[in-house]
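Take a look at the structure set out below.
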Amino acid sequence: MLKRYLDDAACTLWKDLFSNTCRVVVTGHLGPDGDAMGSSLALAFWLKSCGCQVSVVMPNLYPDFLSWLPGADEVINAQMDSSRAATLISQADVVLCADYGCYGRNESLDAMIANSQAEIVVIDHHLNPDIQARLLISDPSACATAEIVYALLEQLSDSSHPISYDMSVCIYCGMMTDTGGFTYNSSRPEIFYIISRLLEKGIDKDRIYRNVYYNNTVERMRLMGYILNNNMVYLPEYHTAYYTLNSQEMKKYLFKKGDAEGWVNLPLEIKDTRLSISLREDTDTHSIRLSLRSVDDFPCNRMAAEFFNGGGHLNAAGGTLYCSMEEAVIKVREAIAAYESLLTSSLVTGDGKENTR
């Protein structure tokens, strides 16, 4: 039922790369989300069970709502401890890139990895990977990199190296967060087969959901209400919403990393809305970070690539603009207008009937 990502030759290569004396550094992308963390930690647990020496290095801090994940307390933040990250990567036999396949997302880690003598392995579900890897495992049809990781480990595991409870928790978290709690990009039967297998390992999916999504501070809740009431712009003629979040607002409400996670999905709860866009000021990079979410067949990834220097998946994408918030809003309005025909052509009503407008 599940894909077999490794043929016989690739299986042999995997075993040669990850020998029981191998030094491995598992890395995720900048701004590590639930999939980057879950995939990386699951792979780290499995490789450790095979006798490898494994470290997990992230380019910067992961969100607080992922701090409960098994193994999260051992993750190295390269932004805070660059010398340790550099040493580990320079000494590694293998660097495993989980949930990204392109350089340019990892700040200082990019150069460390590109300049290392380690073999590179990429496991990812994003489009168009371009890292020159000894072994590339890529599947854009997967709902999350964690889905690929499960299928891969099921193929590789045996009685002496089973998929453990901790691995299962991490994999489920990765799949859940990359699908918005299985509300998009998650209608394939293989996904629910994997969930059933993870449940057999004893995971509590309800607790995992609460750990991620019911982990708010009072300030985060107040900021969310403020944004929806004051900053959200709804364009009924385009069936689209967007909102802004600037540094002054973040400071006022004691914003911390991860606080805005998932908010871009909220406007999609408005009837007939097809597209939601968030614009958040990033003072560290003097940029505006954009997240796009859509329903049905609206191509977020196309819009992100064309207008926002980004990309992603059909219903979930992102990008970056190096300009003021006011200029970014103008660009967003331009993009929405350019995609008017796709935003208004075919809508599905609440009764399941298609309206052509």
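Give a quick list of trypsin sites (Lys or Arg not before Pro) in the range 4-47 that DSSP marks as loop, anything other than H, G, I, E or B, with at most 14 other Cβ atoms within 10 Å.
R4
For the range 1-133, with all protein chains in place and a probe radius of 1.4 Å, 47% of the accessible heavy-atom surface sits on carbon or sulfur. P(r) tail for the range 256-306: Cα pairs beyond 16 Å make up 47% of the total. Summing charges over neighbours of A44, with a neighbour being any other residue whose Cβ is under 14 Å away from its Cβ, gives -2 when K and R count +1 and D and E count -1. Across the cross-link table entries K48/K205; K201/K252; K205/K331; K3/K256; K205/K251, which are compared at the Cα atoms, the separations over 32 Å belong to K201/K252; K205/K331; K3/K256; K205/K251.
One Cα centroid belongs to the range 191-264, the other to the range 120-172; the line between them spans 26 Å.
Using the average count of surrounding beta-carbon atoms within 10 Å as a protection proxy, the listed peptides 163-169, 265-271 rank, highest first, as 163-169, 265-271. Can you find, among M80, N246, L275, the residue sitting farthest towards the positive end of the charge dipole of the chain, where Lys and Arg contribute +1 and Asp and Glu -1 at Cβ? The residue sitting most towards the positive pole is N246. Using bins of 5 Å that start at zero, the share of Cα-Cα pairs per bin across the range 1-141 amounts to 2, 10, 21, 25, 22, 14, 5, 1, 0, in whole %. Could you work out the local net charge near Q79, counting Lys and Arg as +1, Asp and Glu as -1, over the other residues with Cβ closer than 10 Å to its Cβ? Counting the neighbours of Q79, the net charge comes to -3. Helix 82-91 axis versus longest C-alpha principal axis of the chain: approximately 40°, rounded to the nearest ten.
The values are calculated or read from the model by the stated rules, or taken from the named source; none is laboratory data. Every value quoted in this text rests on a predicted model; they were computed, and no experiment measured them. All Cβ positions, even for glycine, are placed from backbone atoms using ideal geometry, and neighbour counts span all protein chains on display. SASA here: full protein model, heavy atoms, side chains in, ligands and nucleic acids out. Shrake-Rupley method; radii C 1.70, N 1.55, O 1.52, S 1.80 Å.
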